[in-house]
Amino acid sequence: MKIRIFGIVLLAIALFSTVSAQNRTDVYAVTNARIVTVSGAVIERGTVVVRDGLIESVGADAKIPADARVLDGTGLTVYPGFIDALTSLGIQTPARPQTPGQPQQQNQQPQSNSNYPNGLQPEKTAVEDLRGGDAQFETPRNAGFTTVLTVGNTGIFNGQSAIINLGGESVSAMVVKSPFAQHFSFRNLGITYPASLLGTFSAFRQMLLDAKRLQELQKQYAANPRGMKRPEDDKSLEALFPVINGTMPIVFNANLEREINRSLDLAKEFNLKAIIAGGQEAWKVADRLKSQNVPVLLSMNFPKRTAASSPDADPESLATLRFRAETPKGAAILSQKGVKFAFQSGGMTNLNDFFSNALKATENGLSKDAAIRAMTLDAAEIFGIENRTGSIEPGKIANLTVIRGDVFAKERTVTHVFVDGRLFEMKEKPRTPTTNSGGTTPSTRALAVGGTWNITLEVPGQTIPGTLNLVQQDTTLTGTMSTALTGSSPIKDGKVTAEGFSFSVSVNAGGTNLDLAFNGKVSGNQVSGTVDTPQGVISFTGTKNP
Amino acid sequence: MKKAIVLFLIISMSLILPNFSLAQSKTEILIRNATVLTAVKGNLENTDILIQNGKIAKIGKNLKAAANAQIIDATGKFVSPGIIDAHSHTMLDAINEGSFSVTSMTQIQDVLDPTDISIYRALAGGVTTGNLLHGSANPIGGQNSTVKFKWGKPVGDYLVNDAPPGIKFALGENVKRSNFPPQPGQPTRYPRTRMGTMEVIRDAFIRAREYKQSWDDFKNGKTKVQPRTDVELQPIVEILEGKRLVHAHGYRSDEHLNLLRLAEEFGVRIATLQHGLEAYKIAPEIAKHGAGVSIFVDFWSYKLEAYDTIPHNAYILWKNGVNVSINSDSDERMRRLNIDAAKVMRYGGVPEEEALKMITLNPAKQLGIDKRTGSIEVGKDADLVIWTAHPFSIYSRVETTFIDGEIFFDRTKDAQMRVEMQKERENLEKMEVNRAPGSGGTQPRVPSERRKADRDDAEDGDGGNQ
């Protein structure tokens, strides 16, 4: 009796396992594909197996597991998931504090209790402002990015950045490494100190000196508190301890030669582990970057002329013309001089430019391998995560980008993207010849609506200014809508329409949640349209920033 | 011919460099047969100057040079010391930190911009050295930088390393914000009166004294906890110790006199009174204190406190034994300091050499660099200018400007460069990345009615927070 029951149970288990094995959703095999591992030689025809978020095996002879969902990779190339080395993705900024003289707003978030003003609070982390959700990352993921470095973009100390994978319902699922580095911008605070670039330097200096001192005092106090006044518990200064100790890098946002030199001077003055972000003129300082061992998060947002031509216009300066001509050569020079660098999107609104500019860099002396490395393993090395990602090796995180065509070819399509082993399939467009590097077809050319728009919402009784940051990938839009009242909120269902764009967004205005639906007609750099709100329809207008 | 080929190669290889050095300071340069205005020992006619290793090696007639020396025939030309501008805001990315009334923690050295074309234009006006100052928004401003305008070199090369450090003070209308309506949201900053200005300075001196005391106590073991390193008070301690030169902007005689008395109370000697348009009224007092004065010759009445001056200001100060220099405080006036110096000969009759000193040796003394520059003497830095006529002539133009024996401006080469750069411009404008977008695009910059070319801290705005 017992044996029979036992046998039935065994049979049931066996059946059950077979059935469930066929239904597993975390095992994939991409077969017959060209595989660019980056860490090793290119595999002209092979298989990559993904299981439970990790790369299980890769090779010309890698076995396809029985329980894998097979994706035929004929004609496709598999790359490690691309890394964008500096963004502000996923960060939701809370409503900005009111300026003095304006009426206090109800339900305003409490101000930080730091001793330092907004903008000089290095204790801020990107992670605390991140929110989960796959949808907000659709645009960069569709372009092939699986991993980004993200940090807020306000203030002098921008805060401590986080490296995230672009997929995850919760923040905890997204974070690969946090904090990575402190970020610093040569800005000033406008009206209060520091109100100029002069003050920015001395504020930075004094904070670092004070942090050094506080660390010493805290050590002293911990060893023997008797007879010694208690040193203050300053969380802003304490956030700088790893920076002054050299255990946390500090990323300086610097594009011009003199900005980069100033960053390197500060790094030398305080013995900091520096990284340069932007670096458009870094090639002019390559020798110094190499000797001080400073890597560069190189902006792929190459300068180009945006001003229309006009017979009355001033001629552009020679410096500007040269700058535009020379910037694409920068990566090759950095590579020749042995400076480590990774590519970042530099705030660009059309991610296709990332790849077309990377192609330009390879046409100006950068080897293709170096370019691919700059989007994968070199970025991972700069971030200190190279033993976990950045190449296609067994045991590494299954971040993969599958492309039809070569990654830098003008005609290419991203077909599949794996983020932490989860498959995101792209809808493939019919292949037609393109006329520009934007990857759009002549018959269905989408309006270029990506960019920063200064808008005004015409609410009865008042006009509310706001900003739209739209990132366009073919006809999909992602980005944020922000106003002083509601802070910054990500848009949903963003689409480029025949006449302009549409999206919906959920905002929090004074404690109430509102769902808004925007529909705008674009003409040149102007937009006008309507917003559906729970209280009715209002109109809005806007102008695009160059 | 060979020079032209070398020139072409250099230009084509270094498209990005704003300029290129035409003579290494290692080689010799011989300037032949000029009228040399030494600024100390009169004018020497038909005289040669031999430059070796960046220094003035010999001055005399019929000098011999090495075989590979560069020979410059200066027959009919005039050579003067390089002009020194004792008050300038050129080549800066920021001029004023106006938030606090004391911003001694800021340093001009942090915000230098070596790509500012005004540097090159200053060289074309014969200016070799400048005192780069913080603006006049505060009673106590930031730390200065004494620089030589080595156009094309890394910015670190500009700094005159052995120049004594300095700092900017300011008195009067700019400080108490008389002429600037407050911006929305901008807090009102103390001081709002001249008496408040003096109190701020007095208070800073006292705080610095206490700060120094706290460090002395710690070093002597009287206290066990190290005091805070305060980058605001450290430079003021240096003022009290006589190690940092104070350049005090002010117009009215009463406010300058107040400052001199306050300084004497703390055992401090003010190095220069900047602008000092009423300094002639207190010339004996200034001479007794030992301050220098750095003035405009004929620029006044643009605001109330700049009203009561006379063009004989320089003469009266000089006659009373005050060290007078003439400055520009402007990228535009910087280029014609030679003519400004000529004017003091007209008003009062300042002798020619004394007038020349006012833009050469006198500012060198005020900046503490007179041992190395400011006159044409053997052993000094070869900071020289070759003029087509006497620099005090309205017809005179700069042909060549030397700094430390290296040519940083050459008029014939400049003309050639313009041709080359025009060709370069045409090629660059053809590139796709430089062409206007096919459709849409932003409004291009169209010439406006009035163009501000200078950074004059006396006009509307004290330079502003740039």
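For an R0 of 45 angstrom, estimate the FRET efficiency from the Cβ-Cβ distance between A:Lys304 and A:Thr533 and round to the nearest 0.05. Efficiency at R0 = 45 Å is approximately 0.75. Each principal axis of the Cα cloud of the stretch B:220-292 was taken in turn, and the coordinate range along them, longest first, works out to 52, 20, 17 Å.
When both the stretch A:317-389 and the stretch A:41-78 are represented by their alpha-carbon centers, they are found 28 Å apart. Put a plus charge on the Cβ of each Lys and Arg, a minus charge on the Cβ of each Asp and Glu, and nothing anywhere else: the dipole of the stretch B:18-108 about its Cα centre is then about 560 debye. Positive-end ranking of B:Asn179, B:Met358, B:Val398 along the dipole of chain B, with charges on Cβ about the Cα centre, is headed by B:Val398. Can you list the lysines whose alpha carbon is less than 24 Å from that of A:Lys495, not counting same-chain residues fewer than 8 positions off? Excluding near neighbours in sequence, the set is A:Lys410, A:Lys427, A:Lys429, A:Lys521, A:Lys544. Shielding value for A:208-216 is 2, the average number of Cβ atoms from other chains within 10 Å of each residue's Cβ. Between the listed residues B:Asn434, A:Gly390, A:Leu514, the Cα displaced farthest toward the positive end of the dipole of the protein assembly as shown, a dipole computed from Cβ unit charges relative to the Cα centre, is found at A:Gly390. Dipole check for chain A: with +1 at the C-beta of Lys and Arg, -1 at the C-beta of Asp and Glu, and the Cα centre as origin, the magnitude is about 720 Debye.
The label point for A:Gln220 and the one for B:Thr188, both projected 7 Å from the Cα toward the Cβ, are 4.2 nm apart.
Note on the stretch B:60-196: antiparallel DSSP beta bridges, both residues inside, total approximately 55 percent of the bridges counted. Converting the Cα gyration tensor eigenvalues of the stretch A:197-249 into ellipsoid dimensions via √(5λ) gives semi-axes, longest first, of 24, 13, 8 Å. The alpha carbon centroids of the stretch B:176-253 and the stretch A:174-210 are separated by 24 Å. For the protein assembly as shown, the solvent-accessible area with a 1.4 angstrom probe is 44 square angstrom per residue.
Between the helical axis of B:411-430 and the dominant principal axis of chain B, each derived from Cα atoms, what acute angle in degrees is found, rounded to the nearest 10? It works out to around 90 degrees. Projecting the Cα atoms of B:Ile72, A:Thr200, B:Thr373 onto the charge dipole of the protein assembly as shown, computed from C-beta unit charges around the Cα centre, puts B:Ile72 farthest toward the positive end.
Express in % the proportion of alpha carbon pairs of the stretch B:282-411 at distances exceeding 26 Å. Result: 23 percent of Cα pairs exceed 26 Å. A Förster radius of 22 Å, combined with the Cβ-Cβ distance separating B:Asn62 from B:Ala389, puts the computed FRET efficiency at roughly 0.40. Across every direction, the projection of the convex hull enclosing the Cα atoms of the protein assembly as shown has a mean area of 53.1 nm². Sorting B:262-270, A:327-335 by their mean Cβ neighbour count within 10 Å, with the most densely packed peptide first, gives A:327-335, B:262-270. Mean per-residue shielding of peptide B:180-186 is 3, counting Cβ atoms of other chains within 10 Å of each Cβ.
For chain A, the gyration tensor built on C-alpha atoms gives a rounded shape. Its axis ratio a/c (a ≥ b ≥ c) stays under 1.5.
Around the Cα centre of the stretch A:491-546, unit charges on the Cβ atoms of Lys, Arg, Asp and Glu (plus for the first two, minus for the last two) sum to a dipole of about 160 debye. Computed with a 1.4 angstrom probe on protein heavy atoms, the B-A interface buries about 4200 square angstrom of accessible area in total. For the stretch B:91-189, the Kirkwood hydrodynamic radius from C-alpha pairs, put into Stokes-Einstein at 20 °C and a viscosity of 1.002 mPa s, yields a diffusion coefficient of 146 µm² per second. For the cross-link pairs A:Lys268/B:Lys150; B:Lys41/B:Lys281; A:Lys337/A:Lys368; B:Lys319/B:Lys380; A:Lys268/B:Lys168; B:Lys41/B:Lys371, the ones whose C-alpha atoms lie over 19 Å apart are A:Lys268/B:Lys150; B:Lys41/B:Lys281; B:Lys319/B:Lys380; A:Lys268/B:Lys168.
The values are calculated or read from the model by the stated rules, or taken from the named source; none is laboratory data. Predicted, not measured: the structure shown is a model, and the values here were computed from it. Every residue, glycine as well, gets a Cβ built from its backbone with ideal geometry; the counts of neighbours run over all protein chains shown. Protein only, heavy atoms only, side chains kept; ligands, DNA and RNA dropped before computing areas. Shrake-Rupley method; radii C 1.70, N 1.55, O 1.52, S 1.80 Å.
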